[in-house]
1. Taking only C-alpha pairs under 8 Å that are 6+ residues apart, what is the relative contact order of the chain in percent?
2. Would you mind putting 36-45, 102-111, 84-93, 4-13 in packing order, based on average other-beta-carbon counts within 10 Å, highest first?
3. Relative to the first principal axis of the alpha-carbon coordinates of the chain, what is the inclination of helix 119-129, with its axis defined by its Cα atoms, in degrees from 0 to 90 and to the nearest 10?
4. Out of these labelled values of Cα extents along the principal axes in Å, (i) 53, 35, 26; (ii) 54, 42, 29; (iii) 46, 28, 23, which was calculated from the coordinates shown here?
5. Roughly speaking, what is the stretch gain from Lys22 to Lys40, that is 0.36 nm per residue apart minus the C-alpha to C-alpha distance, in nm to one decimal?
6. Would you mind getting me the FRET efficiency between Ser49 and Asn71? Use the beta-carbon distance for r and R0 = 22 Å, nearest 0.05.
7. Would you mind computing, in nm to one decimal, how far apart the modelled labels at Thr31 and Phe4 are, each placed 7 Å from Cα along Cα→Cβ?
8. Give me the dipole magnitude in Debye, nearest 20, for the range 3-129 about the Cα centre, with unit charges on the beta carbon: positive for Lys and Arg, negative for Asp and Glu.
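Derivation of every value follows stated rules applied to the coordinates shown; laboratory data play no part. Worth saying up front: this structure is predicted, and the values here are computed from it rather than measured. In this analysis, Cβ positions are derived from the backbone assuming ideal geometry, glycine residues included, and neighbour counts consider all displayed protein chains.
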Amino acid sequence: MSDFYQQAFMNSLLPKVFCEAKIDETHQSITDFKILSVNKAFATLVGISIPALENNYAKQVLPEALYKNFNWSFYFSDIITQTGSKIIELFVPHVDKWYQVEATVDQPLFIAVTYTDVTKQKKDNSLLQHVTV
């Protein structure tokens, strides 16, 4: 990653993580992600220091709440071995927030993920749905 892009990644206010997928060759499914790089916002989101996250596998270091009830393999297997982007919404219970999660694969098995807090929009939409005219 060039210095400019590395600095933009590291200084972003949005939580960002760059990973390499670990694949079960027999079942062609994602079994884990090796965390290659994170920014301060991501470390704050998960409550773990950057050195403790980087170069470790997600299931070893991330809070169980981030993967226990969410099948990362199901949502990202269609782009992880090719290239492309995908956006999903994810509720993170331990911080009680909704995130729009954008995953981008520019090189097979390497995934960049950005989290955008959409909790306020989700709450506003919920309130709108309860208004009767």
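1. Details: 218 pairs, mean separation 28.2, N = 133.
It rounds to 21 percent for the chain.
2. Details: 36-45: 19.0, 102-111: 16.0, 84-93: 13.5, 4-13: 11.7.
Result, highest mean Cβ count within 10 Å first: 36-45, 102-111, 84-93, 4-13.
3. In the chain, helix 119-129 runs at an angle near 40 degrees to the longest axis.
4. Evaluating Cα extents along the principal axes in Å on these atoms matches (i).
5. Numbers: separation 18, 0.36 × 18 = 6.48 nm, distance 2.39 nm.
That pair, Lys22 and Lys40, stretches by 4.1 nm at full extension.
6. Working: r = 27 Å, r/R0 = 1.24.
The computed FRET efficiency comes out at 0.20.
7. Reported label-point gap for Thr31 and Phe4 is 4.0 nm.
8. Details: 11 positive and 14 negative charges, 75 e Å.
Taking the Cα centre of the range 3-129 as origin, the dipole is about 360 debye.
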